[in-house]
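Below: the structure, in structure tokens.
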There are 4 protein chains.
Amino acid sequence: MSEVKVAILGASGYTGAELVRMLANHPSFRMTALTADRKAGQEMASVFPQCAALDLPRLVSIDQVDFAGIDAVFCALPHGTTQEVIAALPAHVKIVDLSADFRLYDLDAYNTWYGHPHKAPALQTQAVYGLTELKRAAIATARLVANPGCYPTSVQIPLVPLLKAGLIEADDIIIDAKSGTSGAGRAAKENILYCEVTEGLHAYGIASHRHAPEIEQELSEAARKDVVVSFTPHLIPMSRGMLSTINVRLAAGAKAADLRAAWTQVYGDEPFVKVLAAGVAPQTRHVRGSNYCFINAFDDRLPGRAIICSVIDNLVKGASGQAVQNMNLMFGLAETTGTNQQPLFP
Amino acid sequence: MSEVKVAILGASGYTGAELVRMLANHPSFRMTALTADRKAGQEMASVFPQCAALDLPRLVSIDQVDFAGIDAVFCALPHGTTQEVIAALPAHVKIVDLSADFRLYDLDAYNTWYGHPHKAPALQTQAVYGLTELKRAAIATARLVANPGCYPTSVQIPLVPLLKAGLIEADDIIIDAKSGTSGAGRAAKENILYCEVTEGLHAYGIASHRHAPEIEQELSEAARKDVVVSFTPHLIPMSRGMLSTINVRLAAGAKAADLRAAWTQVYGDEPFVKVLAAGVAPQTRHVRGSNYCFINAFDDRLPGRAIICSVIDNLVKGASGQAVQNMNLMFGLAETTGTNQQPLFP
Amino acid sequence: MSEVKVAILGASGYTGAELVRMLANHPSFRMTALTADRKAGQEMASVFPQCAALDLPRLVSIDQVDFAGIDAVFCALPHGTTQEVIAALPAHVKIVDLSADFRLYDLDAYNTWYGHPHKAPALQTQAVYGLTELKRAAIATARLVANPGCYPTSVQIPLVPLLKAGLIEADDIIIDAKSGTSGAGRAAKENILYCEVTEGLHAYGIASHRHAPEIEQELSEAARKDVVVSFTPHLIPMSRGMLSTINVRLAAGAKAADLRAAWTQVYGDEPFVKVLAAGVAPQTRHVRGSNYCFINAFDDRLPGRAIICSVIDNLVKGASGQAVQNMNLMFGLAETTGTNQQPLFP
Amino acid sequence: MSEVKVAILGASGYTGAELVRMLANHPSFRMTALTADRKAGQEMASVFPQCAALDLPRLVSIDQVDFAGIDAVFCALPHGTTQEVIAALPAHVKIVDLSADFRLYDLDAYNTWYGHPHKAPALQTQAVYGLTELKRAAIATARLVANPGCYPTSVQIPLVPLLKAGLIEADDIIIDAKSGTSGAGRAAKENILYCEVTEGLHAYGIASHRHAPEIEQELSEAARKDVVVSFTPHLIPMSRGMLSTINVRLAAGAKAADLRAAWTQVYGDEPFVKVLAAGVAPQTRHVRGSNYCFINAFDDRLPGRAIICSVIDNLVKGASGQAVQNMNLMFGLAETTGTNQQPLFP
């Protein structure tokens, strides 16, 4: 196909830089504009020295971009401002938005969790929730895709097929999730300084994290009833990686092997979702830098319960990798185009 | 009091070295013998260079120790061999055993989980389970104390008072635990190499970890009925530290605030157990190198459930610190003697 | 002796917190005032949760402290402001200043390196440079001690005796130094975020670091001539620890063994400086959390040269530990009082 | 071109796994045989779970490989055994050897440093030292390429052009090098356990590391006289990455800017060597996972000296990446084929 001209809005954050990494070797997408309002005028290499060897456009502010020459926009801006930026884009551009702004269908829920009314409610109704493996058809024809959050991605990939198949109960889902620190972004804050993160861990946002309503929205759809989950995220001394350890109550008679079988049926041909061999616990380091999600299930000591482990790289399948996967789909390209980097281990 | 002559059996492992650290400045306990069978003849400083400035006895093998001159033994040997070593000690020595060998009262359970019959069943009946804050009276008069495991310590401190008070249900306890790598010991194994541990995490021993029966034994005693728990440990890229995130079902009408109130009543005067201010999540790094256990409770999104977080340093309150605390108690010393090192943060 | 009432100015930084850790168990110094202007009114435990179990005075601003009731002041404030704060203290208080403000005897040099004239030049003439092992007599009678920088401490301990003994040449000293990230402080900056520091390293402040003139001042005094050094610091992915690897040209005929012999003569009775066994490379982790400095020397492949390694904990011997060691000396206490915490390894 | 059938000998080590990562997406090289004598019969995914999604041949022992069907061999075996294995390969296969076995031209030097006579001296004379940017013509026509060591790569790239141009003195080169832990391999040893490596650093192999003669051989060739270097490697708490900080004496009148100019002339068109902007210190994390080498030079405080910093990923440009780069060259492919993975930061 002919070259697709791409803009990355918000290229000075970690997800922006990760988009650059993935697009640098993409055969069809060409980075035409990179924006970073506060760093406009700088070379990308001065903001992210790992780009020193790449030939990239200089950073500009959003209002300096001529979107007439842009075909595709990755929007990696903070939530809130995103809505207005996207609302102002011309109709011909296709958009994958990595913020939370268009993920919640329910505008009241958005208002509750984000503290202000949604600023682009009409756009919200057009937005498609972009968990690729679960919403492929709708994504392919969408103009605006709301790229899922990292925690929700790691939870939905294992749970949605199980809820649809009736293999687990919807009212007793306990998610203990662990994230690398890049999920907190690059803005300088005391709580993510090296000395405050290394060699220790803790839970945060207990029972109050904004990814909970996103998870519940999608699990409710799968279960065809309202789902509330227990969701406890933890900050881990690592840059990248996310593990969701999920304790579920099984449907009567079901065992972990049934969960594995259901996944194999749904994901057997997926390039990026892998059910590991029985008994093997997924490790975040084994998907680092890749778009893979590795999952597995184990029978619990508590009768009738199972433990599910799901790992992704929060910046790849949990953000920029899935975003490129979605944009590939929206332009009729193979989903693996430019997204099949292999994991970097060790 | 007069000087207590102490032997540390197994001084070449991490818990042995930690005992040396804690005893180096202890006013009453004097390290008289340090054993390490395979490294007998070496200076402690050649095995653990952090001891270079200490005046310590040279490492010897166990059979080179004249126990007639020893008053107290810390046994930090691998499980299995421990039983026979302790059985051979003279009757006058008091013993704190850091292995798992004397923790399970039920010899059948021992056989099941450790794969061989117990070799010192008579001694087992004399052993006192040494979670100091919960078994103080029995420890004070014991000859042989079975020092608790690290995970069980982090779990029992918050849960035992709640089960005794009937504030939580005993049949729905879901423990997601996270440990630093020092818990795996110093023996060279591929899976704990730096490159295999750093910048990633994973669950291990899912539904099969040997600390599960120890936890269940003690929680059953507290609940006055058989308790089975869900217990999923994880290996975290940090040397020290342990966090147990525990999801519990509350008794009818109870809230997290009631759990906090119960703890304050039980632990209010304890030097080493602290209930943090409401809403503050305990972090492992804030107890590193200390004998503290920090705990807190939070209401869950799932109605009627709560999330409990409990942190310790696995080598201190989870092993050597509690061992010295117990030995202090057995010799009539204040529990804080030699154990009140403050946390090393950052 | 009677209790010494201590104020810590700047208790909300890492060196302030480290002073609290060291003084928490000090038998003679009692923390009477803790200041942190921007966090005045808060509990220390809300700023540093590792203090949750300590009984500490609430944070106040400096102008809230009644210095009439204070005997000793540890000043852990940023450079520049320190001068005015200390100039305003009443004459009866003894002061150890952890900033760089009073380290440079030459006020012109201060002006050059810090970009403004010194604001308390009279006080500067009274200040004693506080590298304890090398300036013990002067420190003991000083009112104001300028506590050395971390890099200078790690460099002077090995080099000063060698220069005095004429064992190394003064004009060819090449220092490649490596520091943990806590040396950069707790202020939130992008370049010390976890994700920017972990799993990588780099040099910084090449040929322009402000510790260079401090090193040169003291080495010049030892060598009795002007010394210029090559000094390249590096930031290492660790919280604590400092290693100076120093390449020196030996005096004619000298070998590494002669350097070791000279150190043994000078430091043989020192509690905190240890010459390791021949051939053993000092590791920063083996002094972590302690006031020790471990040193060693090795013959180089380049004829006539040697390699010296020196390790300290930058927050202890490189800052707060040496500060307490100095204050002990100023109050006639044993230098090891409250400073003999053993290293925390692993 | 037609498909090249590749064997990787020693696929169960870190450099073997890294070859798999780089070849997984290579358009012309197809992995036909993977060997690991002790793990023969296992799936690669059970040895390296990050390969779970790849379709790879099962591990076999070397004697199970039919080399008649193999065009190219990457040899990632331990030194010593490598010589005999390579000597037994049929004449039609092209070989890149990642061990040290064929790097030293001088068989006496080999004997001295490795403790036994070379077992394939005839092959040694055919071997071409494979620092791609410096030996391109010879590599292109070689049958057997001795892939350089990681430290030598990081040192030669900056120094060889400067010695050839006479910009630095050859008799005063002081190399302070720092390596990630993956350089020590995957064999289980106590000294590379997580707890022994994290949060600390130390020098090792001081004046005795086997990469010294390799560095000296190549620098001697460039300088056209015998060169001896000071070489002090350090182990850093990171998996990947290597920084050589090199202190050099400049030729009369030369400045750091001249070094930069010389590099720009030599490396200006190289895809993998980048001279950073003036004043920017190279960071290992900015080349992680890539085949890049970033270099820069700085004027020292010591008159007439300069400080050079050079960073690579030890497993990529320091091993497997350069190996694939060389094999591309040997088969007439663009050097960037399959080797242009962008750095993974953070």
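Does segment A:257-272 include one or more residues that are within 11 Å of chain B (Cβ to nearest Cβ) and buried (at least 19 other Cβ atoms within 10 Å of the Cβ)? The answer is no; no qualifying residue exists.
Scanning segment B:30-48 for residues that are within 14 Å of chain C (Cβ to nearest Cβ) and surrounded by fewer than 24 Cβ atoms within 10 Å (Cβ to Cβ) yields a count of 6. Only one of the numbered conditions (1) out of contact with any Ser or Thr (no Cβ under 7 Å at 6 or more places or on another chain); (2) β-branched (Val, Ile, Thr); (3) closer than 30 Å to B:Ser2 by Cβ is not met by B:Thr112, and that is (3). Scanning segment C:76-91 for residues that are small (Gly, Ala, Ser) and open to solvent by 30 Å² or more (accessible area, probe 1.4 Å) returns C:Ala87, C:Ala88, C:Ala91.
Here D:Ala207, D:Ala212, D:Ala222, D:Ala188 are screened, and the one residue that is outside any loop (DSSP other than H, G, I, E, B), at the interface with another protein chain (Cβ under 10 Å from one of its Cβ atoms) and hydrophobic (A, V, I, L, M, F, W, C) is D:Ala212.
Is it the case that some residue within segment C:116-138 is within 11 Å of another protein chain (Cβ to nearest Cβ), under 30 Å from C:Arg249 (Cα atoms), in contact (Cβ under 8 Å) with a residue 12 or more places away in the chain and not in a loop (DSSP other than H, G, I, E, B)?
There is no residue in segment C:116-138 that is within 11 Å of another protein chain (Cβ to nearest Cβ), under 30 Å from C:Arg249 (Cα atoms), in contact (Cβ under 8 Å) with a residue 12 or more places away in the chain and not in a loop (DSSP other than H, G, I, E, B).
Applying the criterion of being more than 8 Å from chain A (Cβ to nearest Cβ) and open to solvent by 10 Å² or more (accessible area, probe 1.4 Å) to the residues of segment B:225-234, the residue that is nearest to D:Tyr194 (Cα to Cα) is B:Asp226. Inspect segment D:308-317 for any residue being more than 10 Å from chain C (Cβ to nearest Cβ) and surrounded by fewer than 24 Cβ atoms within 10 Å (Cβ to Cβ) and give the result as yes or no. Checked segment D:308-317: no residue is more than 10 Å from chain C (Cβ to nearest Cβ) and surrounded by fewer than 24 Cβ atoms within 10 Å (Cβ to Cβ).
Would you be able to say whether some residue in segment C:104-115 is touching a residue at least 60 places away in the same chain (Cβ under 8 Å), of a type in the set (Asp, Glu) and open to solvent by 60 Å² or more (accessible area, probe 1.4 Å)? Yes, segment C:104-115 has at least one match. Per the conditions (1) more than 18 Å from the chain's Cα centre (by Cα); (2) open to solvent by 10 Å² or more (accessible area, probe 1.4 Å), the sole criterion not satisfied by B:Leu201 is (2). Would a scan of segment C:254-261 turn up a residue that is in contact with a Gly (Cβ under 8 Å, 6 or more places away or on another chain) and over 22 Å from D:Thr245 (Cβ atoms)? No, segment C:254-261 contains no residue that is in contact with a Gly (Cβ under 8 Å, 6 or more places away or on another chain) and over 22 Å from D:Thr245 (Cβ atoms). Residues that are polar (S, T, N, Q) and free of Cβ contacts under 8 Å to residues at least 12 places away in the same chain within segment B:319-339 comprise just one, B:Asn328.
Among the residues of segment A:170-185, those identified as of a type in the set (Gly, Ala, Ser) and not in a helix (DSSP H, G or I) are A:Ala170, A:Ala177, A:Ser179, A:Gly180, A:Gly185. For segment A:275-292, the set of residues classified as surrounded by fewer than 24 Cβ atoms within 10 Å (Cβ to Cβ) and within 7 Å of chain B (Cβ to nearest Cβ) consists of A:Ala281 only. The set of residues in segment A:82-110 being among the aromatic types (Phe, Trp, Tyr) and part of a helix (DSSP H, G or I) consists of A:Tyr110 alone. Of the residues examined, D:Asp97 is not one that is away from chain A (no Cβ under 12 Å) and over 26 Å from D:Tyr129 (Cβ atoms). The residues of segment A:64-75 that are within 25 Å of the chain's Cα centre (by Cα) and either farther than 22 Å from A:Ala146 by Cα or open to solvent by 40 Å² or more (accessible area, probe 1.4 Å) (or both) amount to a single one, A:Asp71. Taking segment B:49-63 as the range and being farther than 13 Å from C:Ala277 by Cα and either open to solvent by 40 Å² or more (accessible area, probe 1.4 Å) or not in a helix (DSSP H, G or I) (or both) as the test, the residues that pass are B:Leu54, B:Asp55, B:Leu56, B:Pro57, B:Arg58, B:Leu59, B:Val60, B:Ser61, B:Asp63. Candidates are the residues of segment C:161-198 that are open to solvent by 10 Å² or more (accessible area, probe 1.4 Å) and touching a Gly at 6+ places or on another chain (Cβ under 7 Å); the one that is nearest to C:Asn314 (Cα to Cα) is C:Gly185.
Of all residues in segment A:1-29, those satisfying the criterion of being in contact with a strand residue (DSSP E or B) (Cβ under 9 Å, 6 or more places away or on another chain), open to solvent by 20 Å² or more (accessible area, probe 1.4 Å) and under 20 Å from A:Gln341 (Cα atoms) are A:Thr15, A:Ala24.
As a summary of the residue check, B:Ala40 satisfies the conditions (1) aliphatic (A, V, I, L, M); (2) without any contact (Cβ under 8 Å) to a residue 40 or more places away in the chain; (3) under 21 Å from C:Leu344 (Cα atoms) except for the one numbered (3). Of the residues making up segment A:235-249, those that are part of a strand (DSSP E or B) and either at the interface with chain B (Cβ under 7 Å from one of its Cβ atoms) or surrounded by fewer than 22 Cβ atoms within 10 Å (Cβ to Cβ) (or both) number 4. Among the residues of segment A:155-185, just one is within 14 Å of chain B (Cβ to nearest Cβ) and of a type in the set (Lys, Arg), namely A:Lys178. Screening A:Ala137 against (1) surrounded by fewer than 24 Cβ atoms within 10 Å (Cβ to Cβ); (2) more than 19 Å from A:Glu335 (Cα to Cα) leaves a single unmet condition, (2).
The values are calculated or read from the model by the stated rules, or taken from the named source; none is laboratory data. Quick caveat: nothing in here was measured; it's all calculated off a predicted structure. All Cβ positions, even for glycine, are placed from backbone atoms using ideal geometry, and neighbour counts span all protein chains on display. Surface accessibility is based on the protein's heavy atoms, side chains included, excluding ligands, DNA and RNA. Shrake-Rupley method; radii C 1.70, N 1.55, O 1.52, S 1.80 Å.
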